[in-house]
Amino acid sequence: MLNSKIKKSYFFFVFLLTLFLPISVCAMDTVSPTDEFYINDYADILSTETEEYIMSHSSALNQETKAQIVVVTIPSLEGNSLEEYATTLFRKFGIGDSDENNGLLLLLALEERQMRVEVGYGLEGILPDAKTGRMQDTYMIPYLKEDNFDEGILNGYKAFFQEVASYYDFSGEIEQPVEEENSDDDAFIFIFFLLEFGMLAFFIYLIFYNRNGRGRGMSVGGSFSSFGGGSSFSRGSSFGGFSGGGGSSGGGGSSRGF
């Protein structure tokens, strides 16, 4: 009797799983690559000049190095998370060489005002998460905050292109991007150093306090470790004639809001 109940429960669970599984799979309906492959402006925010620039440079880079840089803009994530959407799209496009996995995706979601840089394993060494975040802050976000999407995407593309092209000793043209300071980051850095200075001053105070004999029963090391252990500070960041090389993401990346 018990085995019969277990079997019924099992089949009922399988039935529910097959009932809802197609819904979860279809929920992630990413866009498909356009004929240009390297530039897919579904949000319609880029100029013809920017699209042609990205197209010509990514094509030349791929032919010489097999590395692929793809730019995608979408009107909306349609309820999906930015990271999940980017990963699924990266694999669906097959960005980068299948052996070297040296693809790079720049994804902008217009309605959510979010930007994501997705990096293949093969480029993780030169583009770790923290670096891709800083590059977005420096070369893209200041423009995107002002709704200057065309300039922000183009400038950011130049910055990432420069990194990848230099790594492979690319023989073609490499333009310098324009550096812009993000005021939010300046404030963040100032507060961070202020806190660091405060902790250092507190530590020095404890040392002198104990040396003068007024801190008996108080352990400097214990007090400080307890003070530091109570909180933590962290930074991070998370086809026509063209086609993907079969690469897949996994190296990492970073996301930013604007």
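The values are calculated or read from the model by the stated rules, or taken from the named source; none is laboratory data. Just so we're clear, the structure is a prediction, and the values are computed from it rather than from any experiment. Using ideal geometry, Cβ is built from the backbone for each residue, glycine included, and neighbour counts are taken over all protein chains shown. Accessible surface is based on the protein model in full, side chains and every heavy atom, while ligands, DNA and RNA are left aside. Shrake-Rupley method; radii C 1.70, N 1.55, O 1.52, S 1.80 Å.
Selection over the range 95-125 of residues that are under 16 Å from residue 61 (Cβ atoms) and assigned to a loop (DSSP other than H, G, I, E, B) gives a count of 5. Taking (1) of a type outside the set (Val, Ile, Thr); (2) closer than 24 Å to residue 247 by Cβ; (3) open to solvent by 20 Å² or more (accessible area, probe 1.4 Å); (4) modelled with pLDDT of 95 or more in turn, residue 75 satisfies each apart from (2).
Is it true that residue 64 is within 18 Å of residue 243 (Cβ to Cβ) and buried (at least 16 other Cβ atoms within 10 Å of the Cβ)? For residue 64, the condition - within 18 Å of residue 243 (Cβ to Cβ) and buried (at least 16 other Cβ atoms within 10 Å of the Cβ) - is not met. Being of a type outside the set (Lys, Arg), open to solvent by 90 Å² or more (accessible area, probe 1.4 Å), modelled with pLDDT of 60 or more and assigned to a helix (DSSP H, G or I) is a property that holds for residue 200. Taken over the range 124-168, residues that are over 15 Å from the mean Cα position of the chain (by Cα), over 24 Å from residue 111 (Cβ atoms) and open to solvent by 30 Å² or more (accessible area, probe 1.4 Å) amount to 6. Taken together, the residues in the range 84-114 that are out of contact with any Phe, Trp or Tyr (no Cβ under 6 Å at 6 or more places or on another chain), open to solvent by 10 Å² or more (accessible area, probe 1.4 Å) and closer than 18 Å to residue 135 by Cα amount to 1.
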